[in-house]
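What follows is a set of notes on a single structure, which appears directly below.
The values are calculated or read from the model by the stated rules, or taken from the named source; none is laboratory data. These figures come from a predicted structure and were not determined experimentally. Cβ coordinates were reconstructed from backbone atoms using ideal geometry, including for glycine residues, and neighbour counts include every protein chain displayed.
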């Protein structure tokens, strides 16, 4: 079994830039947008957190929480976003651990339910997420699946 470590970025604020760059590389959203959200979380102006998995000093998985993940259902907030695990680290439970971590952290702050959008079917259900409705992604030709965790 691996010796991966899981953190929220309040616990490791010195990784804010590395995390913002890592998320940018995975999703193409500007690094500055990630920095703004991550810094707001670290500074305590929001409880919408950012979570990472480290293998040594290397970020191998991560996700965040934001108001809206670029879809038309602005009433369904907050949203888990930017869920990613490095290819060589997949199928080891990293994303599942991060998802469970974010659900528990949000619930401990009285934030529930939470939502996420995805094209995946069958993955999120394993971690207690339920299909809720279809949502139209900003600039996307087809609607996407929106899930809820209560």
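Sub-7 Å Cβ pairs linking a first residue in segment 80-97 that is more than 12 Å from residue 27 (Cα to Cα) to a second residue that is modelled with pLDDT under 95 and assigned to a loop (DSSP other than H, G, I, E, B), at least 6 apart or interchain, are 92/2, ordered by first then second residue. With respect to residue 98, is the statement that it is surrounded by 16 or more Cβ atoms within 10 Å (Cβ to Cβ) and in a loop (DSSP other than H, G, I, E, B) true? Taking the combined requirement at face value, the residue does not satisfy it.
Among residues that are in a loop (DSSP other than H, G, I, E, B), surrounded by 13 or more Cβ atoms within 10 Å (Cβ to Cβ) and touching a strand residue (DSSP E or B) at 6+ places or on another chain (Cβ under 9 Å), residue 105 is not included.
Restricted to segment 62-77, and to residues there that are under 14 Å from the mean Cα position of the chain (by Cα) and in contact (Cβ under 8 Å) with a residue 40 or more places away in the chain, the residue that is farthest from residue 13 (Cα to Cα) is 70.
State whether one or more residues within segment 16-37 are crowded, with 17+ Cβ neighbours inside 10 Å and in a loop (DSSP other than H, G, I, E, B). No, because not a single residue in segment 16-37 is crowded, with 17+ Cβ neighbours inside 10 Å and in a loop (DSSP other than H, G, I, E, B).
Being over 15 Å from residue 68 (Cα atoms) and touching a helix residue (DSSP H, G or I) at 6+ places or on another chain (Cβ under 8 Å) is the filter here, so list the residues in segment 104-122 that pass it.
none
Test residue 51 against the stated conditions and say whether it is at pLDDT 95 or above, under 22 Å from residue 112 (Cα atoms) and touching a helix residue (DSSP H, G or I) at 6+ places or on another chain (Cβ under 8 Å). So residue 51 passes the test. Restricting 133, 53 to residues that are crowded, with 22+ Cβ neighbours inside 10 Å and either in contact with a strand residue (DSSP E or B) (Cβ under 6 Å, 6 or more places away or on another chain) or part of a strand (DSSP E or B) (or both) narrows the list to 53.
Does residue 140 fit the bill of being over 19 Å from residue 20 (Cα atoms) and either at pLDDT below 95 or part of a loop (DSSP other than H, G, I, E, B) (or both)? Give the steps one after another, and end with the answer.
Numbers: over 19 Å from residue 20 (Cα atoms): yes; either at pLDDT below 95 or part of a loop (DSSP other than H, G, I, E, B) (or both): yes.
Taking the combined requirement at face value, the residue satisfies it.
Going by what's in this entry, would residue 119 be described as surrounded by fewer than 16 Cβ atoms within 10 Å (Cβ to Cβ) and within 13 Å of the chain's Cα centre (by Cα)? The answer is no for residue 119.
Of the residues making up segment 57-75, those that are surrounded by fewer than 21 Cβ atoms within 10 Å (Cβ to Cβ), in a loop (DSSP other than H, G, I, E, B) and either at negative phi or in contact with a helix residue (DSSP H, G or I) (Cβ under 9 Å, 6 or more places away or on another chain) (or both) are 57, 67, 68, 72, 73, 74, 75.
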